[in-house]
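Inspection log for the structure reproduced underneath, given as structure tokens.
The values are calculated or read from the model by the stated rules, or taken from the named source; none is laboratory data. Just so you know, these numbers come straight off a predicted model, no measurement behind them. A quick note on method: Cβ atoms are made from the backbone with ideal geometry, for glycine too, and the neighbour counts reach across all protein chains shown.
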Amino acid sequence: MSIFKLTGILVFVSASFVHGQNKKEITKDSLISFRPTGIRLGTDLVGIIKTGVTPGFSNQEFIADIDFHRYYLVAEAGRYSRDLSISNGDYANSGSYLRVGVDVNFLVKDPDKNMFFLGFRYGRARYDERVRYLTETEYGDQLKLSENSEVTSGWMELTTGLRIKVWKVLWMGYTGRLKFAPSTPSTTPVAPYDIPGYGLTFKQPWWGFSYYVMMRIPFQGQK
């Protein structure tokens, strides 16, 4: 057997061995890296502050996310109410909403799991609306009432933001939102005006901003 044939055989065997080892390592690492390490729970400070300083307005929003390597499954839920004066009457809205989606983290190698992310949400809201207004008739001004009961609306969002570990299990960060494609029923007594979790229906697209304080609960055996 020539030296060239022997060298070729050794190179082939070595390459096959290395490929096999790398395949095993990649498979093992993939299983470990995609295993969730913890869940974060938090609340939106923007809604809390706005509730405190805006008469007739209330918004409480909560968030939860869980990691799968660089992908985070996210759920955001809230309660919303608003009372608003209009030129010839008043408007009231109350309801709840839920957003679900995924964020993709671009700081993959950060040991503290800090995040700069891009993401997507699908939102859904159920709410009641009421508008009272004065209208002129031949008998004088009359107060009229129109209501939308248990209206369901949906929309989509593109998101971006940061999550930063500030102390042990305490995290803070923001989410910026580009909300678009709101859908509302066409059979309501009046056209829906304000969708909880989205905003004014005639604003397309609609910008949003949340600033969260969160607590991370690691799973057993994880950091």
Against the condition surrounded by 15 or more Cβ atoms within 10 Å (Cβ to Cβ) and polar (S, T, N, Q), how does T187 come out, does it pass? no
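Which residue is surrounded by the most Cβ atoms within 10 Å (Cβ to Cβ), if the candidates are limited to the range 133-154 and must be of a type in the set (S, T, Y) and not in a loop (DSSP other than H, G, I, E, B)?
Looking only at the range 133-154, we keep the residues that are of a type in the set (S, T, Y), and these are 133, 135, 137, 139, 146, 149, 152-153.
This time we only want the ones that are not in a loop (DSSP other than H, G, I, E, B), so: 133, 135, 137, 146, 149, 152-153.
Numbers: Y133: 15, T135: 10, T137: 9, S146: 13, S149: 10, T152: 14, S153: 22.
Looking at the filtered set, the residue picked out is S153.
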Of all residues in the range 161-218 being in a strand (DSSP E or B) and without any contact (Cβ under 8 Å) to a residue 24 or more places away in the chain, the one that is farthest from N105 (Cα to Cα): L200
The range 38-64, subset of a type in the set (D, E, K, R) and surrounded by 15 or more Cβ atoms within 10 Å (Cβ to Cβ), residue farthest from V108 (Cα to Cα): E61
Scan the range 95-132 for residues that are at pLDDT below 95, out of contact with any Asp or Glu (no Cβ under 8 Å at 6 or more places or on another chain) and outside any loop (DSSP other than H, G, I, E, B) and report the count. 0
State yes or no: is D67 modelled with pLDDT under 95 and surrounded by fewer than 16 Cβ atoms within 10 Å (Cβ to Cβ)? no
Output the residue which, of all residues in the range 87-116 that are touching a residue at least 24 places away in the same chain (Cβ under 8 Å), closer than 11 Å to R70 by Cβ and out of contact with any Phe, Trp or Tyr (no Cβ under 7 Å at 6 or more places or on another chain), is surrounded by the most Cβ atoms within 10 Å (Cβ to Cβ). M115
Lone qualifier among S210, S149 - being at pLDDT 90 or above, touching a Ser or Thr at 6+ places or on another chain (Cβ under 7 Å) and not aromatic (F, W, Y): S210
